[in-house]
Amino acid sequence: MLVKKNLITSDFNPLKGTDTVEAVKKRMEEENVYTLPVTDSTTHALIGQISRDALAEADPTSSVAEIDLDEPVKIYREQHIFEAARLMLQYEQEILPVVDEEWTLLGIIEKKRVLEKIPQMLNVTETGSVISVMLDRRDLSIAEVVNIMETEGAKILGMTVEKSRESGHSFEISFKLDLEDVSRVAAALRRYDYVISTSSENEVFNQDLETRADELLRFIDM
């Protein structure tokens, strides 16, 4: 899913150079955000961002223009929502500026909106079962796993990735399948010496969604 108009809050008001430190602090508290984007008042282009830390020691009566801005964390229109999630998790941001090719601010995308969409993409609420497979990072073979599952008549509804607690080189990849009984799929995977676990509930997908989304993105980047 791409970052499109329906995900963007377009009526967001970015900071201007004339905004006072006192006003910005108050706004951050009211909106419960750690950073806010700053734009050029003439071109409306994104020029940086300001954080609570940057305001901590500043004179309350000084303006944003008098403070050194941080490099903005942003996303371009039409990038994938996974990239938005990755940036938000990496930089611990509740909002992410959305820009065009000229860095003109189009609006922001909120973390809560991203986290609403990811479960839909992973088909969390669909009826089915979960089967988890341990794969070594040095010898990933997802294609074979998927082929085995599909050969046994399973349809994959979604997938999450979590690092193994026992080994830093392994991943536990959980597949949401459209089957209530996954015994045949499990038996087939074990015949190929895969280490697996199964569950008839989908609680695996509901535990710490942010962490699992982050691991999935890291996995995709490998």
(request) Can you pull the one-decimal nm distance between simple spin-label points at Glu102 and Glu66, each 7 Å off the Cα toward Cβ? (result) 3.2 nm
(request) Heads up, I need the accessible area for Tyr34: 1.4 angstrom probe, whole protein in place, Å², nearest 10. (result) 90 Å²
(message) Counting only other residues whose beta carbon sits under 14 Å from that of Thr43, what net charge do I get with K and R as +1, D and E as -1?
(response) -3
(request) Note down the accessible area of Glu94, probe 1.4 Å, to the nearest 10 Å². (result) 90 Å²
(request) Report the label-to-label distance for Asp40 and Ser132 in nanometres (one decimal), using points 7 Å from each Cα along the Cα→Cβ vector. (result) 5.1 nm
(message) If I take R0 = 25 Å and measure r between the Cβ atoms of Lys163 and Arg52 in this structure, what FRET efficiency does the formula 1/(1 + (r/R0)^6) give, to the nearest 0.05?
(response) 0.25
(request) Please tell me which of these pairs span more than 28 angstrom C-alpha to C-alpha: Lys16/Lys117; Lys25/Lys117; Lys16/Lys111; Lys4/Lys163? (result) Lys16/Lys117; Lys25/Lys117; Lys4/Lys163
(request) Net charge near Ala23: determine it from the other residues with C-beta under 14 Å of the C-beta of Ala23, scoring Lys and Arg +1 and Asp and Glu -1. (result) -2
(request) Obtain the nm distance between the two label points defined at Glu94 and Ala187 by a simple spin-label model: each point lies 7 Å from its Cα along the Cα-to-C-beta direction. (result) 5.3 nm
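The values are calculated or read from the model by the stated rules, or taken from the named source; none is laboratory data. In this text the structure is predicted, and so the values were computed from the model without any measurement. Virtual Cβ from ideal backbone geometry, glycine too; neighbours counted across all protein chains shown. We work out accessible area using only protein heavy atoms, side chains counted, and drop any ligands, DNA or RNA first. Shrake-Rupley method; radii C 1.70, N 1.55, O 1.52, S 1.80 Å.
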